[in-house]
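Read the structure below first, then the notes.
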Amino acid sequence: MKQPPRILTASQAKAFDSRALHDYGISTLVLMENAGWHVCQEAISSHVRGKKIAVFCGKGNNGGDGFVAARHMLCQGIKPDIYLACRIGDVGSEAGANLHILLKLKQKITQVSDKTASRLKMGPYGLIVDALLGVGLSGEVRGIYKNLIGVINSSGARVLSVDIPSGLDATTGKVLGCCVKADKTITFVAKKRGMVIADGPRYCGKVVVAGLGLPL
């Protein structure tokens, strides 16, 4: 029997999510819950005693993983600061559902704009969770995401990227304008091709592969 690839391109990673839903009835919410739980565990293991954790979230599923991770941190007695790269109303679908759970839990969400990004103070943080952009990124990083990647890279904190460092092409390994430089990347199901070629190894740091409850 032909073995499935152990390294996935961006399109293969998307196909896995689609197969989970359409062939097995595993919703994106379930996959997101599993992913976020693993992110939380990695964040706690990387936590710097006496320092806070910041979670930077985009409006897509990568940000949704970050929201779930933040909720699990709350359950374990750690209250992270959450920075959102858009307005709360711009976050929809499964990511939006998890964001609104946090709001119901009275978790503060700091909405960041181009004007306010440069004023963020990263001194209190020992760890930053990068959940801005995922494997679906194809075009050059611009606007608020570019600004926040600069903030993260200049913070001096340890960085844990979710699925892939924001700004790295998951298939080619090329930096798409700018990229988060992670100390560790937690990815799901299998490594992505862009992590092991071109610029990938310099930006991913240590790569940890976590399961999502469905074999590859």
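Looking at this structure, is G89 in a loop (DSSP other than H, G, I, E, B) and of a type in the set (G, A, S)?
no
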The range 189-216 residues that are on the phi > 0 side of the Ramachandran plot, paired with ones that are of a type in the set (S, T, N, Q) and outside any helix (DSSP H, G or I) (beta carbon under 7 Å, 6 or more apart): A198/T172; G205/T185
Qualifying residues in the range 75-99 (those that are more than 14 Å from G58 (Cα to Cα) and touching a Cys at 6+ places or on another chain (Cβ under 9 Å)) - the one surrounded by the most Cβ atoms within 10 Å (Cβ to Cβ): I78
V48 being touching a strand residue (DSSP E or B) at 6+ places or on another chain (Cβ under 6 Å), in contact (Cβ under 8 Å) with a residue 40 or more places away in the chain, hydrophobic (A, V, I, L, M, F, W, C) and in a loop (DSSP other than H, G, I, E, B): yes
Of all residues making up the range 92-112, the number that are assigned to a helix (DSSP H, G or I) and among the basic types (K, R): 1
So A70, is it aliphatic (A, V, I, L, M) and surrounded by 17 or more Cβ atoms within 10 Å (Cβ to Cβ): yes
Per-region count, the range 20-35, residues without any contact (Cβ under 8 Å) to a residue 60 or more places away in the chain, assigned to a helix (DSSP H, G or I) and exposed (fewer than 13 other Cβ atoms within 10 Å of the Cβ): 2
Residue in the range 45-59 that is in contact with a helix residue (DSSP H, G or I) (Cβ under 7 Å, 6 or more places away or on another chain) and loosely packed, with under 15 Cβ neighbours inside 10 Å present: no
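No value in this document is a laboratory result; all are computed from the given coordinates. Note that the structure is a prediction, hence the values are computed from the model and not measured. So basically every Cβ, Gly included, is an ideal-geometry build from the backbone, and we count neighbours across all protein chains shown.
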